[in-house]
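Here is the structure we will look at, set down as structure tokens.
The values are calculated or read from the model by the stated rules, or taken from the named source; none is laboratory data. A quick note: this is a predicted structure, and the numbers were derived from the prediction, not measured. Here the Cβ positions follow ideal geometry from the backbone for every residue, glycine too, while neighbour counts run over all protein chains shown. Just so you know, the surface numbers come from the protein's heavy atoms only, side chains and all, with ligands and any DNA or RNA stripped out. Shrake-Rupley method; radii C 1.70, N 1.55, O 1.52, S 1.80 Å.
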Amino acid sequence: MQPINTRDPGDAARAYLALNWAVTVGHRHRPRQGCTCDNPNCPAPGAHPLLNPSPRLTEGTITSALEMTPGASLIAQTTHFDAVIVPHRIGMEALLKLDRVASGIVPCLVAGDTATLIVLPSTGRYALGHPDTEVRTGPDGWIALPPSHGVRWDTPPWMEMAGTPKPLLHGSDVGERLAQAFRMSSSYRRTRSSKGALR
């Protein structure tokens with residue numbers, strides 16, 4: 001099997017549907033202009049539906065939906081997973097720790113200065129514990145997916161050459177590693193600050 005091409009909206013949408021994710025088209029996030037919803041204070045630029053209620057994409061509607069909304073984001077409702085959003089450096093440090101665990105491959109999205117870790121549904125709350133952590137969960141939560149502008153997979157949610165879904169971890173397993181990464185980051189900043197004060 002060829003690797004899934006997430007730069008192609010149609011191929012990407014079909015891959016997400018194969019995961020049984022609830023996917024639809026959403027507003028776009030434009031560089032320096034913000035979200036196409038034109039709300040200057042949009043809380044989720046490029047990661048909320050164009051229509052309300054939003055029609056879920058199906059195999060039969062992917063082509064027509066994308067043709068009607070060229071350049072729109074692909075977004076997924078957080079019903080079949082929870083999304084744990086943290087600063088990029090924290091997410092990458094946590095992934096390094098999780099890679100040392102046999103079952104610790106965690107799907108991860110990167111967008112700007114954030115990383116989004118995908119965990120089992122209704123378990124994201126167990127990863128909370130630091131004010132720089134956001135969890136999106138349930139039917140009111142959405143995340144932007146590649147090829148949405150500025151979003152890419154660091155670790156895709158499928159086995160790359162097989163296309164089969166990766167098993168998701170519980171939020172508590174991910175939260176433990178995130179807490180370690182936050183502690184390390186805080187300790188590093190204090191050390192840097194102390195060295196600076198001695199100069």
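Filter the range 145-172 for residues that are out of contact with any strand residue (DSSP E or B) (no Cβ under 8 Å at 6 or more places or on another chain) and modelled with pLDDT of 90 or more; which is least open to solvent (accessible area, probe 1.4 Å)? Once the filter is applied, the top-ranked residue is 156. Going by the conditions given, is residue 142 modelled with pLDDT under 95 and either of a type in the set (Asp, Glu) or surrounded by 15 or more Cβ atoms within 10 Å (Cβ to Cβ) (or both)? No.
Can you name every residue in the range 34-86 that is touching a Phe, Trp or Tyr at 6+ places or on another chain (Cβ under 6 Å) and of a type in the set (Gly, Ala, Ser)? The answer is 47, 76. Each residue in the range 59-76 was checked for being in a helix (DSSP H, G or I) and either surrounded by fewer than 17 Cβ atoms within 10 Å (Cβ to Cβ) or on the phi > 0 side of the Ramachandran plot (or both), and 4 pass. (1) open to solvent by less than 30 Å² (accessible area, probe 1.4 Å); (2) under 13 Å from residue 13 (Cα atoms); (3) not hydrophobic (A, V, I, L, M, F, W, C): which one isn't true of residue 82, the others all being true? Tallying (1) open to solvent by less than 30 Å² (accessible area, probe 1.4 Å); (2) under 13 Å from residue 13 (Cα atoms); (3) not hydrophobic (A, V, I, L, M, F, W, C), residue 82 fails exactly one: (2).
No other residue among 134, 59 is within 21 Å of residue 150 (Cα to Cα) and out of contact with any helix residue (DSSP H, G or I) (no Cβ under 6 Å at 6 or more places or on another chain) apart from 134. Filtering the range 1-36 to residues that are surrounded by fewer than 17 Cβ atoms within 10 Å (Cβ to Cβ) and either in a loop (DSSP other than H, G, I, E, B) or at pLDDT below 90 (or both) leaves 1, 2, 3, 5, 7, 8, 20, 30, 31, 32, 33. Here the range 37-53 is the region considered, the condition is being in a loop (DSSP other than H, G, I, E, B) and either open to solvent by less than 40 Å² (accessible area, probe 1.4 Å) or of a type in the set (D, E, K, R) (or both), and the residue that is farthest from residue 80 (Cα to Cα) is 38. Of all the numbered requirements in (1) under 19 Å from residue 49 (Cα atoms); (2) in contact with a Ser or Thr (Cβ under 9 Å, 6 or more places away or on another chain); (3) open to solvent by 10 Å² or more (accessible area, probe 1.4 Å), residue 126 misses one, and that requirement is (1).
Per this entry, residue 79 is not counted among residues that are touching a helix residue (DSSP H, G or I) at 6+ places or on another chain (Cβ under 8 Å) and either small (Gly, Ala, Ser) or on the phi < 0 side of the Ramachandran plot (or both). For the range 167-184, the set of residues classified as closer than 18 Å to residue 156 by Cα and more than 15 Å from the chain's Cα centre (by Cα) consists of 167, 170, listed by residue number. Looking across the range 99-118 at every residue that is at pLDDT 90 or above and hydrophobic (A, V, I, L, M, F, W, C), the one that is surrounded by the fewest Cβ atoms within 10 Å (Cβ to Cβ) is identified as 110.
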